[in-house]
1. Quick one: Cα centre-to-centre distance for segment 265-287 and segment 39-99, in angstrom?
2. Provide the per-residue ³J(HN,Hα) series for segment 89-96, in order, calculated from phi with Karplus coefficients 6.51, -1.76, 1.60 and θ = phi - 60°, each as a whole number of Hz, with x at glycine and proline positions.
3. Running Debye on segment 156-254 with equal point scatterers at the Cα sites and no solvent, what base-10 log of I(q)/I(0) appears at q = 0.15, 0.18, 0.22 Å⁻¹?
4. Over segment 306-384, calculate the relative contact order: mean separation of alpha carbon pairs under 8 Å at least 6 apart, over the residue count, as a percent.
5. For Arg360 paired with Gln513, estimate the spin-label separation in nm (one decimal), with each label point 7 Å from Cα along the Cα-to-Cβ line.
6. From the helices alone, meaning DSSP H stretches of at least four residues, give me the mean residue ellipticity at 222 nm for the chain, per-run term -39500 (n - 2.57), in deg cm²/dmol to the nearest 500.
7. Considering only lysines 8 or more places apart in sequence, or on different chains, count the pairs in the chain whose C-alpha atoms sit under 20 Å apart.
8. How many angstrom lie between the Cα centre of segment 437-482 and the Cα centre of segment 186-200?
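Coordinate-derived values only; no laboratory data. Predicted model only: the values in this text are computed from it and were never measured. Cβ coordinates were reconstructed from backbone atoms using ideal geometry, including for glycine residues, and neighbour counts include every protein chain displayed.
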Amino acid sequence: MRHAPTPARAVMVLGTSSGAGKSWLTTALCRWYARQGLKVAPFKAQNMSNNARVVPGPGSGLEGGLGEIGSAQYFQALAARAMPDVRMNPVLLKPEHDTASQVVVMGQVRRDYSTMPWRSRSELLWPHAQQALASLMSEHDVVVIEGAGSPAEINLHDNDFVNMRTALAAKAACLLVTDIDRGGAFAHLYGTHQLLPQAERALIRGFVLNRFRGDAALLAPGPDQLQALTGVPTMAVIPMQRGHGLPEEDGLYEDGGGLGSATSGTVTRRIAIVAYPRISNLDEFQPLRNLPDVKLVWSRQARDLDGADWIILPGSKHTRADLQWLHDQGLAAAIQAHAAQGRPVLGICGGLQMLGDEVRDVDGVEGAGAASPMPTSVAGLKLLPLHTRFDATKALRATRATWRASHEPSGSCGRQDVWAALHGHAIDGYEIHHGRTSWTDAALAPDAILVDDAGQAMGWQRGAVLGVYLHGLFESSAVMQALFGQQARTLDSVFDGLADVLDQSFSSGSLMQLLQP
């Protein structure tokens with residue numbers, strides 16, 4: 001284990017609200033400090049997100065146990081040029097319905113915590129986060145910490161360990177970021193600062209105005225007046241960054257404020273991603289957004305699927321509830337009609353399960369404690385002869401899988417088999433699921449099967465319909481080349497682009513000064 005010659009320094013990104021740009025700025029700082037030759041790690045004490053990645057457990061290395069962390073911290077680790085591990089997000093809350101979440105501690109599901117009241121649970125979770133933070137700080141030069149929501153929620157402050165309790169434990173130099181595009185930025189910064197106790201206020205080293213459009217000179221005399229009121233300088237004005245290439249952690253609302261993504265060229269393929277209420281792992285579609293000729297549409301109504309070349313059913317944190325939602329919204333019939341025309345349909349993880357005949361959860365693994373319990377069994381879309389049964393054991397794996405054609409693809413309505421381009425390719429990805437799925441049509445094999453290194457099936461194709469358990473499909477260069485004949489931007493280039501923005505937005509030397517006591 002490497003120990004820094006001096007105690008690690010922590011830089012923390014706080015926000016005036018959710019969506020202020022904390023994840024973006026934290027990721028950019030991770031790459032910026034790594035480019036200075038420092039050993040950097042990200043940290044977020046507790047994240048709430050259904051976007052997760054499979055990473056090594058504490059001290060396990062690549063050969064040990066695996067766990068899951070929020071996708072934002074996974075990307076921040078890559079930006080920091082560090083190996084992601086569960087210490088970087090020791091507590092992950094994965095919402096299953098409006099009043100309950102699955103609680104993941106140090107990468108593993110903890111059902112005992114999931115049923116506890118929030119306030120009492122927080123006090124039990126903080127020691128896990130505190131230990132993980134101390135461990136990371138013992139091994140790195142800089143730990144870049146992301147807060148959650150706002151640190152000044154006075155009704156939650158006493159039990160909030162994600163923001164100022166973490167900042168105090170790390171003795172962090174804190175940046176407070178706000179989204180100026182929403183309006184009210186100076187009031188948000190001032191109000192947040194003033195609601196903090198004096199000892200916590202003292203940790204705020206700078207304000208950051210994010211997503212600014214226009215001439216920064218027009219902000220005067222606001223920054224100077226704010227500094228006169230608070231003693232805190234505005235350290236950076238970050239311009240609006242469209243097309244930065246970093247996956248959004250939570251929202252579906254993309255460029256231009258609509259449900260979709262902008263393109264920089266002529267649209268050759270329109271892909272509709274069904275945005276059910278408990279959608280998960282939507283960050284894996286960022287490579288599609290980065291393609292200049294692909295238009296993504298997040299679909300919540302049947303009419304959103306009109307004109308789609310492909311339909312994608314993404315992951316779900318509550319497959320049965322989201323499957324029932326498809327039926328109730330009329331989306332199920334629209335997806336079935338699309339498939340009947342021989343148009344491609346792709347289901348990933350929970351989406352794969354929905355493509356089958358039935359999803360059963362006899363033991364109530366999904367959504368325990370929901371106000372309106374779901375039926376044990378929900379009928380699937382019946383586009384693939386699959387049966388899925390949930391059990392308590394969660395599959396968490398980093399997986400290498402290979403496409404095998406089982407016989408000559410059958411095709412559909414004379415259309416070309418889009419997925420045949422994948423046959424023979426080996427793909428690295430990850431699995432996070434409770435369901436166990438099997439092919440039930442003994443009379444006819446699938447056109448192709450995705451198998452792992454042990455020969456275990458984890459994906460099936462019939463005609464234009466494909467379902468896989470493997471996440472990360474579009475993060476594979478081989479897949480992008482096979483399906484689109486082009487490559488999306490590399491993550492390294494994305495991270496360097498973020499750091500370049502910081503070089504242009506912060507004054508020279510100011511970010512290194514944050515590392516001084």
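1. Using only Cα atoms to place each centre, the spacing works out to 23 Å.
2. These are the phi-based 3J(HN,Hα) values: 8, x, 10, 10, 9, 10, x, 10 Hz.
3. -0.71, -0.96, -1.20
4. 37 percent
5. Spacing of the two 7 Å Cα→Cβ label points: 6.6 nm.
6. Taking each H run of at least 4 residues, the total per residue is -7500 deg cm²/dmol.
7. The number of close lysine pairs in the chain is 9.
8. Centre-to-centre distance over Cα atoms comes out at 52 Å.
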